Amino acid sequence: MAERSSTGLLMMMLDPSPAIAMTLPAEVREKLAELELELSEGDITQKGYEKKRGKLLAPYIPQIQGVDPSLQIEHRIQTSSQVAPPGSKQNKPRAANSRDECFRSDLHTEAVQAALAKYKERKMPMPSKRRSVLVQSSVEACTPPDTSSASEDEGSLRRQGRIASSSPYQAHPSVEHWFNRVIQGSSTSSSASSTSSHPGGRPHHATNTTSASAATVLADLMAHTQLDNHSAPPDVTGLSERSVHAEHPQVASVRGLPRGYTHTSVMETVDGTDKGDGEAMDGVPVNSRVSSKIQQLLNTLKRPKRPPLREFFVDDFEELLDVQHPDPNQPKPEGGEMRPLNGEPLGVVTNWPPSLLASLQRWGTTQPKSPCLTALDNASKPIYTLTYGKLWTRSQKLAYTLLNKLSTRNEPLLRPGDRVALVFPNNDPVMFMVAFYGCLLAELVPVPIEVPLTRKDAGSQQVGFLLGSCGVTLALTTDACQKGLPKAQTGEVVTFKGWPRLLWFVTDGKHVVKPPKDWHPPIRDASNEIAYIEYKTSKEGSTMGITVSHSAMLAHCHVLTQACGYTEGEIITNVLDFKRDAGLWHGVLTSVMNRMHVISIPYSLMKVNPLSWIQKVHTYKARVAVVKSRDMHWSLLAQRDQRDISLSSLRMLIVADGANPWSISSCDAFLNVFQARGLRPEVICPCASSSEAMTVAIRRPPEMGVPPPGKAVLSMSGLSYGVIRVDTEEKLSVLTVQDVGQVMPGALVCVIRVEGTPYLCRTDEVGEICVSSSSTGISYYGLPGMTKNVFETIPVTSSGAPISDRPFTRTSLLGFIGPDNLVFVVGKMDGLMVVSGRRHNADDVVATALAVEPMKFVYRGRIAVFSVSVLHDERIVVVAEQRPDASEEDSFQWMSRVLQAIDSIHQAGVYCLALVPANTLPKAPLGGIHISETKQRFLEGALHPCNVLMCPHTCVTNLPKPRQKQPGTEVGPASMIVGNLVAGKRIAQACGRDVSQLEDNDQFLYMQDVLQWRAQATPDHPLFLLLNAKGTVANTASCVQLHKRAERVAVALMERGRLNTGDHVALVYPPGVDLIATFYGCLYAGCVPVTVRPPHPQNLATTLPTVKMIVEVSKSVCILTTQAIMKLLKSKEAAAAVDIKTWPLILDTDDLPRKRIPQIYKPPTPEMLAYLDFSVSTTGILAGVKMSHAATSALCRSIKLQCELYPSRQIAICLDPYCGLGFALWCLCSVYSGHQSILVPPLELETNPSLWLSAVSQFKVRVTFCSYSVMEMCTKGLGSQTEALRLRNVNLSCVRTCMVVAEERPRITLTQSFSKIFKDLGLSSRAVSTTFGCRVNVAICLQGTSGPDPTTVYLDMRALRHDRVRLVERGSPHSLPLTESGKILPGVKVIIANTETKGPLGDSHLGEIWVSSPHNATGYYTVYGEEALHADHFSTRLSFGDTQTLWARTGYLGFLRRTELTDASGERHDALYVVGSLDETLELRGMRYHPTDIETSVIRSHKSIAECAVFTWTNLLVVVVELEGSEQEALDLVALVTNVVLEEHYLIVGVVVVVDPGVIPINSRGEKQRMHLRGGFFADQLDPIYVAYNM
């Protein structure tokens, strides 16, 4: 095929004729190459580059009518870019040595640029970030030219070389101008057009006026500023620029993005140049930055996805059907079956030594002065040359010492065949070589590993497992290295995490002894015993040891000597790691076989001086150099100042990672520059190898008369289907690969299918290359199963017949055999990602990403690409280090362009793209990125990116089909109900004890009468004890004291307030006895009390408006309160929050005169209003319900019966006393039943978390009530202090029932952890239970003191989404535990009704809970926030069945289930399970989700998520998480949250908002107020740490 030449590069630039290229003087070519590099490194701008290049070329190019020479770039002439058919001669005249244009390696960069150009300008919302996150320190902002460009094994230099040579973006002229503009940071301001939409007029176009820097433009996609008396909302994006339009108080300024700010899946949203109707996009008012960004996101997502894959799995609960339908048009292999390929026969050499040690002995005794190895220091000076004589004697000394001088209890420590770890730093090859051969002479097995620098080195733990499994007890190392290892207090080297206990032995001269004259090491012929173990890290990060036998080691040396034409005494420069792989094979083993002299270049020297290896080749006139692509690239970057070096002595430049498809770029770029320095094109010899099969193929040196090197331009799309198609039309997505030469002498090679049975591939199919030869590894140490799979594969033909009786070794290289029997490698198994049935190679994706902005953005080209499995498919993740100076908007722009490039070139969506600060990705031992460790950190949320872009909407195409509601399936009553059965099931209804027969109190009692009666009958009986934060009694009230206080209040209301009967009075008190006294005072005076939580003095702005609202909505004509609160209500601070002039009359009740009321008010009927109960629901609706005197008494009576409350009892209450059951227990029940209540205000627990439990223990309380927030405070605050509490004699064994008052689904995890923690203090596991109430009936269920224990069932969460109840076993996948919400109260009847048809449902069916009882509330007083809240909440009837009973609708979904237990009456017990509030459910993809289920999953996903809340916006799911930890972790959460919600709920998260702890609002009952949070989010009031908009 074509040969190599440096002119390939120039021919592309110079249009007129290839001949001119040859006439350019060498120094001009050199300067041009330097310019290329400067541009690729970002040292000069595109403009500067063109100017300089124009100047250089001006004398050599005939001017074309005044056109600037810098523009004469060939715009991809068709003829040059087509692959010439093998036989045809192209008519274009060409220099003898030039190469086909189509093989130019920078094709890819150009392809990427062209692909990007195809995308129209689209906008997508940029994530918002808090300032402090922006300034995240990048570790060591500047570093020496080191830390490798990309992962070492993974594909080190992936495409920079090519990038270097392709900077003029060849594309259409318009495209070129567009790219230049983007690359120069969009300084051309015309690209940033801004639109301010005025509410009433046409938007004005500011095309050239806004010379806003790109940063401003991008940072604040949509800015929103209000200039009324409100303060401006906090800036969500965290960048301080704002656009302020003074004339329009509320203008959403939508600025266009710079051109080239593009994305694969983005719709035009508001384009500044032609549309610009900023007010309503899709009818959604853009009233804040957040909502406009989300609107952009929605518009983006409307764009159709890639042709949808028909692989929905049908979610039918029995199993998930993940159906993969292959694309009918996909290419299929068409060639015949390949024939196994034989290497040339292994030559017979007469004096070939019988073993490697024999040749060491031979050279050591016959040529002792001959140099073996020269070591260099970091200044590139030779520090020591080891001769063959020294190597022989020092190895003998070490062997003797190891065998004879190390003993434990008079037993020798080591026996022949034992494994020994070799821990040598990369800059000490001499000590390593001595130790390696010393072990071989002592018949020990060396296991070379990296030096562990810290206990947390990436992958170090896995190395420990390897050492443990090899039974290593001794580690050899150097003195200097031993001193540098971390030490324990004893002075010994610490035991690293996961490592076995090791004895460290230093091999320096003073520690080894000279063997006696008569001792000679055994030199045996090479056998199948293990010679050494080489470690290898798998894709998953586990470390395996590959065993190499003595005979294989010898055979491999023989093979390499023949293939490379090594001769005795040759000089070879080795830049590779000498501990493993090609560095060990060429630089330690084969070199000794041939008495060669190795110049070893340490990695540390390469970091300081990347040219060192070239200088050494020049100095020593080395014939062979062993390098990686990375080393070639580094030397390119540094070669500017070197004029006097020559590479003409080289006969072989072995490129050890030539199997990496992208090594071709480094080879080409290197040749372009160094051909002028004597490098001959034909000496570059790429080779392919793997740890298992050792060297697989190598390009032979030119003197061997082998066929010329080959190149293949392959279609990426074909490769993704595993098919080889030489690309013809589609120039964009191609992979250019070079061959890696011929197979090794004496080897048999074939290519087999990657998955399943190892069938031979067809000739045009990509498969895994397998080798059968005497020179491969023999096993994975201690892993027989994997060994069989890899080292003993038997390939078979399509008919199933084995192709040979010899076993083959899999190489994990993917490739094919090309023309002339050349081997081509297109990837590695380790980098293989199978996404939706198509194969992509991680290295190829890296190369595409790097080609997007050649070296300008990614720090040192450090990019890791891997796949993670989410929802039954692999998903591609790209992680890159960004340069320290990269701006926020550079990074976002780069990310969006990378997405496009990968989408168009690989037709694959990227699931997640993350940017981390420079130098923070885990490094492989010698530079490069440790991929498996990076993946591990990504999955654990420990990567700490500084930018993240998730694109689940574009790449997750296998969600279950959305559910369509079936119309017209309602069954009529007749077919449905028969007696008490619904379609064969018992109707779901249940009731508490019947109260009508109880003789409890025949005549009805008003609460005020009860109190008056108690004050006369038992005046001194204590009713209330109020505790303060210290746990001492702050206030008490006996029956008579309470009565007298109530009288004073009643008098004050009548005399000072001049109130009439039926007037509403707001009671604004802290929790305490005053609140109770004023409540009864109101009843005595005939007024209607409304209890209101007082405003929080430190937080008036948010709490005072609620007080004002309740006062206004309840139409209160008077406020009763304390002096302190009265001052607060009228203070200056209050005036800032509300209009204080409109308060009604405020009376303080601190010092009321002692007056008696003439007579206590007696209501004419029990149905009259007793009090109003106001509460804000979790959905943000303020609802007040009316409680009549009848309902109030009935409620107290039910609770009294259920909890067996009598005057002799004591109960402890730690609840807020303002609404619901909390109010009833605090203010009503003690007066009704006469028991004593110990009142513990929940607020006091913030200063003393043990207050409530200490009180329970001190007063030996049997029954206690608390809220979830109290329980949470105890679990979090006291979890670690149970021992201290025990010492303070806190004992909870007295508690029979502890009830959590709630209006939600029971929180099992919280109640269980509470029980578990306080079990040590005697709390019975059966004591904790929950209650259930709601607005229409504040107490429906309450465990009480008798009756069966609450039961727990497990539901299938997927069935629940379809409103079905399906019980499953505990622990089954997708199971959700539910506990019953206590026992149904006496007098209460419950039924489950269908939410749509309002018909009754059967047992275990999900529906709305309806309730009928004497203590139902009588109706809403007013509902603020939803005026049309239906009256049918309180009086509704079933559509069929029992159509007479009046029910109240609770608004909660749940189900009834008859259990095996019996209740007090001997009947079987019916358990009520509450699933969640209907108002809160989310309707997504046709299914019903309960926020708490999604939140539970999210909280589990990362240890730093303290709390989570979800809500929707149109059809987008928004997840807000509180981050408990450093802000660095904020972006880690984005991917984890997206993953877990996809995996467990089949939902794609639209927006992830990371906020500080405490931002999610929680009400006094401990319930999340999601709607309140939603409002705050859209009003930009959350001050989030980070907002990620998932694409």
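The values are calculated or read from the model by the stated rules, or taken from the named source; none is laboratory data. Owing to the predicted nature of the structure, the values given are computational and were not obtained by experimental measurement. No Cβ is skipped: glycine too gets one built from the backbone with ideal geometry, and neighbour counts run over all protein chains shown. Keep in mind that these areas ignore ligands, DNA and RNA; they rest on the heavy atoms of the full protein, side chains included. Shrake-Rupley method; radii C 1.70, N 1.55, O 1.52, S 1.80 Å.
Could you pull out every residue, at least 5 positions away or on a different chain, whose amide H is within less than 5 Å of the one on VAL916? Hs are placed 1.01 Å off N in the peptide plane, and Pro or chain starts have none.
ALA880, GLU881, GLN882, CYS946
Let me know the whole percent of all Cα-Cα pairs from the stretch 1171-1315 that are separated by more than 19 Å.
Distances greater than 19 Å cover 56 percent of the Cα pairs.
Based on the Kirkwood radius over alpha-carbon pairs, what is the Stokes-Einstein translational diffusion coefficient of the stretch 1439-1564 at 10 °C with 1.306 mPa s viscosity, in µm²/s?
92
In sequence order, what are the phi-derived ³J(HN,Hα) couplings for the stretch 1466-1476 according to the Karplus relation 6.51 cos²θ - 1.76 cosθ + 1.60 with θ = phi - 60°, rounded to whole Hz, with x for glycine and proline?
x, 6, 5, 7, 9, 9, 9, 10, 9, 9, x
Compute and list, largest first, the equivalent-ellipsoid semi-axes of the stretch 1365-1454 from the alpha carbon gyration tensor, each √(5λ) rounded to a whole angstrom.
27, 16, 15
What's the carbon and sulfur percent of the stretch 1491-1591's accessible surface, probe 1.4 angstrom, rounded to a whole number?
Within the stretch 1491-1591, the accessible surface is 48 percent carbon and sulfur.
Quote the accessible area belonging to PHE674 in square angstrom, nearest 10, computed with a 1.4 Å probe and with ligands, DNA and RNA left uncounted.
So the heavy atoms of PHE674 present about 0 Å² to solvent.
Going from the alpha-carbon gyration tensor of the stretch 1282-1394, what semi-axes, largest first and in whole Å, does one get by taking the root of 5 times each eigenvalue?
29, 20, 11
Once every Cα of the stretch 441-528 carries one equal point scatterer and solvent is ignored, give the base-10 log of I(q)/I(0) from the Debye formula at q = 0.17 Å⁻¹, two decimals.
-0.84
Kindly state, to the nearest 0.05, the FRET efficiency for THR1445 paired with GLN1123, given R0 = 45 Å and r defined as their beta-carbon distance.
So, using R0 = 45 Å, E works out to roughly 0.35.
Pairs LYS510/LYS536; LYS487/LYS607; LYS579/LYS616; LYS1030/LYS1503; LYS985/LYS1568: which are spaced more than 26 Å apart, C-alpha to C-alpha?
LYS510/LYS536; LYS487/LYS607; LYS1030/LYS1503; LYS985/LYS1568
Between their Cα atoms, which of LYS961/LYS1398; LYS405/LYS923; LYS1108/LYS1200; LYS1186/LYS1260; LYS332/LYS788; LYS1115/LYS1383 are more than 32 Å away from each other?
Over 32 Å apart, Cα to Cα: LYS405/LYS923; LYS1108/LYS1200; LYS1186/LYS1260; LYS1115/LYS1383.
With +1 assigned to the C-beta of every Lys and Arg and -1 to the C-beta of every Asp and Glu, and no other charges, what is the dipole magnitude of the stretch 484-600 about the Cα centre in debye, to the nearest 20?
400
Which is farthest toward the positive dipole end of the stretch 1160-1300 among MET1187, ALA1212, LEU1169, measuring Cα position about the Cα centre, with Cβ charges +1 (Lys, Arg) and -1 (Asp, Glu)?
ALA1212
In whole percent, and with a 1.4 Å probe on the protein chains, what portion of the accessible area of the stretch 1178-1300 is carbon and sulfur?
49
Treating the stretch 371-520 as a set of equal point scatterers at the Cα positions, no solvent, please give the Debye-formula log₁₀ I(q)/I(0) at q = 0.14 Å⁻¹.
Values returned for q = 0.14 Å⁻¹ are -0.70.
Note down, for the stretch 769-824, the three equivalent ellipsoid semi-axes (square root of 5 times each alpha carbon gyration tensor eigenvalue), biggest first, whole angstrom.
They are 22, 15, 10 Å, listed largest first.
Past the 17 angstrom mark, what percentage of all C-alpha to C-alpha distances in the stretch 412-471 do you count?
That fraction is 45 percent.
Report the extension gain between ARG339 and GLU1483 in nm, rounded to one decimal, defined as 0.36 nm multiplied by the number of residues separating them, less their alpha carbon distance.
Gain on extension, ARG339 to GLU1483, equals 406.0 nm.
With θ set to phi - 60° and the Karplus curve 6.51 cos²θ - 1.76 cosθ + 1.60, what are the ³J(HN,Hα) couplings of the stretch 1200-1215 in order, to the nearest whole Hz, using x for Gly and Pro?
4, 5, 5, 9, 6, 9, 9, x, 7, 7, 10, 10, 10, 10, 10, 9
Quick check for me: using +1 on Lys/Arg Cβ and -1 on Asp/Glu Cβ, what's the dipole size of the stretch 848-970 about its Cα centre, in debye to the nearest 20?
Dipole size: approximately 220 debye.
Could you check the spin-label model distance between GLU1467 and ILE1181? Points 7 Å from the Cα along Cα→Cβ, value in nm.
3.1
Can you tell me the Rg and Dmax of the stretch 659-767, counting just the alpha carbons, in angstroms?
Rg and Dmax of the stretch 659-767, Cα atoms, are 15.9, 51 Å.
List every residue whose amide H lies under 5 Å from the amide H of ALA1170, counting only residues 5 or more places away in sequence or on a different chain, with H placed 1.01 Å from N in the peptide plane.
Counting only residues 5 or more places away or on other chains, the set is MET1187, SER1188, HIS1189.
Counting heavy atoms of the protein chains only and a 1.4 Å probe, report the per residue accessible area for the stretch 1088-1178 as a whole number of Å².
53
Across the stretch 1512-1524, in residue order, what do the Karplus-derived ³J(HN,Hα) couplings come to in whole Hz, using 6.51 cos²θ - 1.76 cosθ + 1.60 with θ = phi - 60° and x for Gly and Pro?
Each residue of the stretch 1512-1524 in turn: 10, 9, 6, 10, 9, 8, 10, 10, 9, 10, 8, 9, 10 Hz.
Considering amide H positions built from the backbone, and no H for Pro or chain starts, which residues 5 or more places from MET338, or on another chain, come under 5 Å of its amide H?
Under 5 Å from the amide H of MET338: CYS761, ARG762, THR763.
Would you tell me the accessible area of VAL845, worked out with a 1.4 angstrom probe on the heavy atoms of the protein chains, in Å² to the nearest 10?
Probe radius 1.4 Å; accessible area of VAL845 about 0 Å².
Give the Cα extents of the stretch 602-713 along the principal axes, in whole Å, largest first.
Result for the stretch 602-713: principal-axis Cα extents of 37, 29, 29 Å.
Rounded to the nearest 20 Debye, what is the dipole magnitude of the stretch 681-790 about its Cα centre when Lys and Arg each give +1 and Asp and Glu each give -1 at the C-beta?
180
At a threshold of 8 angstrom on Cα-Cα distance, excluding pairs fewer than six apart, so keeping six or more, what relative contact order does the stretch 1156-1236 reach in percent?
26
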